[in-house]
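Chemist: Encoded as structure tokens, here's the structure I'll be asking about.
The values are calculated or read from the model by the stated rules, or taken from the named source; none is laboratory data. Quick caveat, the model's predicted, so the values are computed rather than measured. Glycine also receives a Cβ, built like all others from the backbone with ideal geometry; neighbour counts cover every protein chain displayed.
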Amino acid sequence: MNITITVRNTEVDRGIKDYIRKRVSKMERLYKRIGVCEVIVAEEKERKNIEIILHLKRNKIVAKESSTDIYTSIDNAAETIKKQLRRLKGRIQSKRRKVILDKMAWPVSKLKRSEEISIPEESGQIIRTDYFANKPMLPHEAKIEIELTEKQFLMFKNADTGESNVVYKRNDGNFGVIEPGF
């Protein structure tokens, strides 16, 4: 990560520049793809202004802080950047999880019926493969579909959560829903 420190309307000694580099370099632990970091130190009357700009691969994160003490401004700006990086990292991981789950559900939804699949297991063979509903639906819609088709269970993609769920018919005539817990 390249760190550029720009000073406006004030003088900054080497100790403050080293402190800025130390605080900013720790951010690379949170997010690996930081390309360039610009730090702008300015002084207006008695206020010390710090602006940290991180140039990421596709994003740009900016934090501006101001106080009477330059170290306080640096710390506050660094904390603001950390919060934004954590939030960005969480969004990216969430999108990756969604893509992975969609890729996992897609092949199952595209399965065609096959009458017999021979898998060498001692306990038995899979004699029929069924596919689950490709369109998203609510659990009560899946219950209605079970009643119409007289199946014991139905796997479907929940329209509210976007996750794969299973609705099944219980022995007492009621219905149950299985939702993933991961």
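Chemist: Looking at region 112-120, is at least one residue out of contact with any strand residue (DSSP E or B) (no Cβ under 7 Å at 6 or more places or on another chain) and modelled with pLDDT of 55 or more?
Modeler: Here is the first cut: in region 112-120, the residues out of contact with any strand residue (DSSP E or B) (no Cβ under 7 Å at 6 or more places or on another chain) are 112, 115-116, 118, 120.
Next, only the ones that are modelled with pLDDT of 55 or more stay: 120.
Yes - at least one qualifying residue is present in region 112-120.
Chemist: Now a separate question. Keeping to region 40-59, report how many residues are modelled with pLDDT of 90 or more and over 28 Å from the mean Cα position of the chain (by Cα).
Modeler: So the first thing to find is which residues in region 40-59 are modelled with pLDDT of 90 or more, and the list is 40-44, 47-55.
Applying the additional criterion that residues be over 28 Å from the mean Cα position of the chain (by Cα) yields 40-44, 47-50.
Within region 40-59, residues that are modelled with pLDDT of 90 or more and over 28 Å from the mean Cα position of the chain (by Cα) number 9.
Chemist: Just to be sure before I move on: is residue 14 exposed (fewer than 14 other Cβ atoms within 10 Å of the Cβ) and either modelled with pLDDT of 90 or more or basic (Lys, Arg) (or both) in the structure I sent?
Modeler: It is true that residue 14 is exposed (fewer than 14 other Cβ atoms within 10 Å of the Cβ) and either modelled with pLDDT of 90 or more or basic (Lys, Arg) (or both).
Chemist: Then there's this: Does residue 92 satisfy the condition of being at pLDDT 85 or above and closer than 30 Å to residue 50 by Cβ?
Modeler: Spelling it out, it is not the case that residue 92 is at pLDDT 85 or above and closer than 30 Å to residue 50 by Cβ.
Chemist: Taking residue 69 as the residue in question, decide whether it is exposed (fewer than 15 other Cβ atoms within 10 Å of the Cβ), closer than 21 Å to residue 2 by Cβ and out of contact with any Cys (no Cβ under 7 Å at 6 or more places or on another chain). If you could, list the steps in order and put the result at the bottom.
Modeler: Numbers: exposed (fewer than 15 other Cβ atoms within 10 Å of the Cβ): yes; closer than 21 Å to residue 2 by Cβ: no; out of contact with any Cys (no Cβ under 7 Å at 6 or more places or on another chain): yes.
No, not satisfied.
Chemist: If you take the residues in region 65-89 that are of a type in the set (D, E, K, R) and within 9 Å of the chain's Cα centre (by Cα), which one is modelled with the highest pLDDT?
Modeler: Restricting to residues being of a type in the set (D, E, K, R) and within 9 Å of the chain's Cα centre (by Cα), the top hit is 87.
Chemist: Please give the strands (runs of 3 or more DSSP E) falling wholly within region 1-110 in which 3 or more residues are of a type in the set (D, E, K, R) and in contact with a strand residue (DSSP E or B) (Cβ under 7 Å, 6 or more places away or on another chain).
Modeler: Working: elements: 2-8, 34-44, 47-56, 60-67.
Output list reads 47-56, 60-67.
Chemist: From the residues in region 140-179 that are of a type in the set (Gly, Ala, Ser) and part of a loop (DSSP other than H, G, I, E, B), which one is surrounded by the fewest Cβ atoms within 10 Å (Cβ to Cβ)? Quick ask: steps written out before the conclusion?
Modeler: At the first step, the residues of region 140-179 found to be of a type in the set (Gly, Ala, Ser) are 142, 159, 162, 164, 173, 176.
With part of a loop (DSSP other than H, G, I, E, B) added as a condition, the list becomes 159, 162, 173.
Working: 159: 12, 162: 12, 173: 6.
Out of the qualifying residues, it is 173.
Chemist: Specify which of the listed residues (36, 62, 7, 24) is farther than 30 Å from residue 181 by Cβ and more than 24 Å from the chain's Cα centre (by Cα).
Modeler: 7
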